[in-house]
Every structure is written in structure tokens, then in C-alpha cells.
Amino acid sequence: MARIIVVTSGKGGVGKTTTAAALAMGLAERGLRSVVIDFDVGLRNLDLIMGCERRVVYDFVNVIQGEAKLNQALIKDKRNDNLFILPASQTRDKEALSKAGVGAVLDALSEEFEYIVCDSPAGIEVGATMAMYYADDAFVVTNPEVSSVRDSDRMIGILSSKSRRAEQGLEPIREFLLLTRYAPERVKRGEMLSVEDVQDILSLDLIGVIPESQAVLNASNSGIPVIMDTRSSAGQAYSDVVARYLGEPIPHRFLDVHKKGLFGRLFGG
Amino acid sequence: MMGLLDYFKQKKPSSSASLARERLQILVAHDRVGRDAPSYLPQLQRDILKVLRKYVRVDAGAINVNVEHDDDREILELNIVLPESRSNPG
């Protein structure tokens with residue numbers, strides 16, 4: 001039985017796909033059989049971030065509608081045998097995702113995989129609600145910025161009322177806050193909400209903080225999940241997130257500005 | 001010299017972040033009330049307004065209906081702000 005994880009946020013552009021790709025790769029790197037599904041029907045992008053865009057033949061919607069077998073649509077990652085990608089359709093509209101159809105695909109994947117990572121589209125429409133409906137765990141990706149925090153709070157409300165677990169009165173979805181694009185020096189200057197601020201407002205367990213990093217753009221440019229860039233702060237922070245998710249007590253990093261000496265503070269630089 | 005100036009500036013942070021925090025705390029609290037509220041609440045608010053307007057001239061913002069959850073009960077809270085009466089000086 002697989003664990004189903006949704007990566008959600010409400011707001012667009014906060015790092016959902018980057019996170020979904022990193023998480024799936026991180027789990028696979030630990031030998032856990034993982035599949036990552038793009039729920040952004042009509043605007044698929046996960047294939048690009050994963051670097052498999054030229055290998056897409058069939059997609060999620062083809063499988064739901066019986067036009068292709070699941071095995072035909074699944075793309076095996078070239079770097080890791082434990083990782084598969086199920087791309088979204090680029091041509092259909094999001095109404096093609098039905099609750100029963102999505103449920104059937106997830107059931108079938110559950111037999112083969114240990115983790116199913118659902119990359120949610122932005123917004124609160126069908127794609128987003130379908131991505132979270134069957135989830136066991138939710139990563140709420142949030143930027144330290146007012147509109148992102150507000151949208152995250154909205155998603156938390158939807159997670160706790162419109163998911164399968166909520167509807168069936170089961171144990172609620174485990175929700176984790178993942179703060180991305182964090183800039184400690186701006187926090188220190190009072191220009192950016194701090195980790196504590198965002199945690200206070202959303203009252204969620206913090207699974208990690210991903211620092212603002214050029215490595216994220218470099219990774220997406222080249223189609224390599226940023227977690228594989230082990231020299232970058234963002235890559236390391238994502239590795240920590242995966243470890244914490246799997247229950248390892250790893251302290252948070254990248255929360256503070258590197259301390260400068262008195263000389264440095266007086267003379268800048 | 002720039003570095004020295006920066007050092008003194010840091011003592012008084014330009015706190016747009018604290019402004020963001022305050023705005024969010026209010027907004028999120030408000031959003032959550034709306035989210036948990038029963039669906040009849042907006043209609044109830046309009047009906048009360050209609051009745052009230054038979055007697056007093058108030059605008060739509062004068063009424064505030066809230067439901068609060070306690071451990072073992074729900075409280076319906078109704079706030080009506082009446083306009084200052086002009087016919088009654090002093």
C-alpha cells in the first residue's frame with residue numbers, strides 16, 4: 001500500500017513542481033519505489049523539471065480514459081530505477097480528471113509503489129482538488145509572502161474538509177509546512193516574514209525551509225531535480241526534508257545569515 | 001563609511017515584515033471564520049439587515065454576524081452598529 005503525498009499551495013509559482021520533483025527523487029534515492037504524477041492537466045511542466053519531456057507518449061488522462069495502459073504512460077527515470085513519472089495531458093482540459101478515474105489509477109499505482117507524489121496545479125479547481133483528494137500526507141508549499149501564506153491557509157481548509165479522509169471520517173491528512181524561497185538576510189532586515197511568523201499564522205508542522213537559491217533555476221534549466229545538486233543549499237535543504245519526512249530528526253538549516261565579524265559589519269562586504 | 005551607516009540602520013529595522021504579519025493574522029482569522037461558518041449566515045445577515053432597516057437607517061457594513069465554536073457549544077454573535085442619532089443632541 002503506497003503512501004500518497006500531495007504537494008499543494010494554492011498560489012502559483014511558489015515551488016510545487018520543484019518540490020514534487022525533489023521529493024520523488026529523494027525518496028527514490030533512498031531505495032523507495034516512487035512515482036510522481038502531474039495533475040496540471042493542460043499545462044504540464046513536471047516532465048520538463050524531471051528532464052523527460054521528449055519521452056512522453058501517453059499521459060494521465062489517456063490512462064484514466066482507457067486509451068492507454070498505465071505501464072505505457074509511466075516514464076522510467078533514466079537516473080534512478082526506483083523513480084517513475086506520470087505526465088499530465090497537454091491538450092485536454094482539467095475536467096477530464098474524474099474522482100473515480102483518479103482513484104482507480106492511484107489504486108493501481110499503490111500496488112507497485114511505496115510513495116505516490118501528486119504535483120498539484122495552482123488554484124482550487126478540479127486539478128488541485130483531485131490531487132489532494134486521496135492524499136495521506138500534504139506538503140503545503142509556501143513563500144514568506146502575504147498572498148502565498150493566505151492561499152496556503154485556504155488550502156489547509158480544503159484539505160481538512162474536502163479530502164477523502166475528511167469525507168470518510170478517517171484520520172486527517174498529515175499536513176506539513178514547507179517554506180521556500182527563504183532569504184534569511186531579508187528576514188533579518190525586517191523585510192520578509194520569518195519562519196516563526198509563517199508557522200504562527202498557519203499553525204503547521206515545519207518540514208523544512210528551502211533557501212532562495214540560484215540552483216533551483218539551474219536545475220530546471222537542465223531538467224535535473226534540484227535535490228541532485230548536492231552542493232547547493234537548496235539541494236541539501238530538500239535532502240533534509242526527505243530525511244525528516246521519513247522520521248529522521250534532522251535540525252533545520254539555512255535559517256540564519258552567516259555571521260560576519262565586527263570588521264565585516266562595520267565595513268560591509 | 002557605508003558599512004558603518006548600515007550598521008546603525010540595522011538597529012531600527014524597517015519592519016514591513018511585521019506589517020505583513022499583522023495584516024495576515026487579521027485576514028487569516030477572518031477567512032477562517034467565514035470558512036467554518038454555516039452556509040445560511042450570509043442570508044441571515046441580509047434578512048436581519050432588511051428588518052433593521054424598517055426602523056433605522058444603517059448601511060450594510062453595520063451588521064456583523066459570527067458563529068464561534070466553543071468546546072461544547074456554538075455561539076451566534078450579532079453585532080449591530082447604530083448610526084449616531086442627529087435628532088438627539090448632547
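The numbers here are math on the coordinates, done by the rules we state, and not lab data. Owing to the predicted nature of the structure, the values given are computational and were not obtained by experimental measurement. Cβ atoms come from the backbone with ideal geometry, glycine included; neighbour counts cover every protein chain shown.
Taking 13 Å as the cut-off, the amide N atoms of the range A:31-53 that come nearer than this to a point 7 Å along the Cα-to-beta-carbon line of A:THR91 belong to A:42.
If you sort the three axes of the alpha carbon gyration tensor as a ≥ b ≥ c, you get a/c of 1.5 or more for the protein assembly as shown and a/b no higher than b/c, which makes it oblate. A helix-only calculation puts chain A at -11500 deg cm²/dmol for mean residue ellipticity at 222 nm, using -39500 (n - 2.57) for each DSSP H run of at least four residues, averaged over all residues.
With charges set only on the Cβ (+1 for Lys and Arg, -1 for Asp and Glu), what does the dipole of the range A:6-141 come to about its Cα centre, in debye to the nearest 20?
So the magnitude is around 320 debye.
Straight-distance candidates among the aspartates and glutamates for linking to A:LYS162, with alpha-carbon spacing under 18 Å and chain neighbours fewer than 8 residues away dropped: A:GLU95, A:ASP119, A:GLU125, A:ASP136, A:ASP137, A:ASP151, A:ASP153, A:GLU171, A:GLU175, B:ASP31, B:ASP36. Across the range A:47-151, the mean sequence separation of Cα contacts (distance under 8 Å, 6 or more residues apart), normalised by length, yields a relative contact order of 19 percent.
Positive-end ranking of A:ASN218, A:VAL241, A:PRO251 along the dipole of the range A:179-253, with charges on Cβ about the Cα centre, is headed by A:ASN218. The label-point distance for B:LEU52 and A:ASN221, in a model that sets each label 7 Å from Cα toward Cβ, rounds to 5.9 nm.
Order of A:63-74, B:26-37, A:33-44, A:207-218 by packing, highest average Cβ count within 10 Å first? Kindly include the intermediate steps, with their values, before the conclusion.
Numbers: A:63-74: 16.2, B:26-37: 13.5, A:33-44: 24.2, A:207-218: 19.3.
So the order, starting with the most tightly packed, is A:33-44, A:207-218, A:63-74, B:26-37.
Summarising the label geometry, the points placed 7 Å from Cα in the beta-carbon direction at B:ASP72 and A:LEU43 lie 5.0 nm from one another. Separation of the alpha carbons by more than 27 angstrom is noted, of A:LYS16/A:LYS76; A:LYS11/B:LYS50; A:LYS11/A:LYS94, for A:LYS11/B:LYS50.
Taking the longest Cα principal axis of chain A as reference, the axis of helix A:146-162 is set at about 40 degrees. The angle separating the long axis of helix A:99-112 from the principal Cα axis of greatest extent in chain A is about 80 degrees.
Peptide A:184-191 shows a mean partner chain C-beta count of 4 within 10 Å per residue C-beta.
Fully extended, how many nm does the chain gain between A:LYS99 and A:GLU53 (0.36 nm per residue separation, minus their Cα-Cα distance)? The partial results should precede the final answer.
Values: separation 46, 0.36 × 46 = 16.56 nm, distance 2.63 nm.
Computed gain between A:LYS99 and A:GLU53 is 13.9 nm.
For a straight C-alpha distance cut-off of 12 angstrom, the aspartates and glutamates reachable from A:LYS69 (same-chain residues fewer than eight places away being disregarded) are A:ASP59.
Once you have a ≥ b ≥ c as the square roots of the Cα gyration tensor eigenvalues for the range A:207-260, tell me rounded if a/c is under 1.5, and otherwise prolate or oblate according to whether a/b is larger than b/c.
oblate
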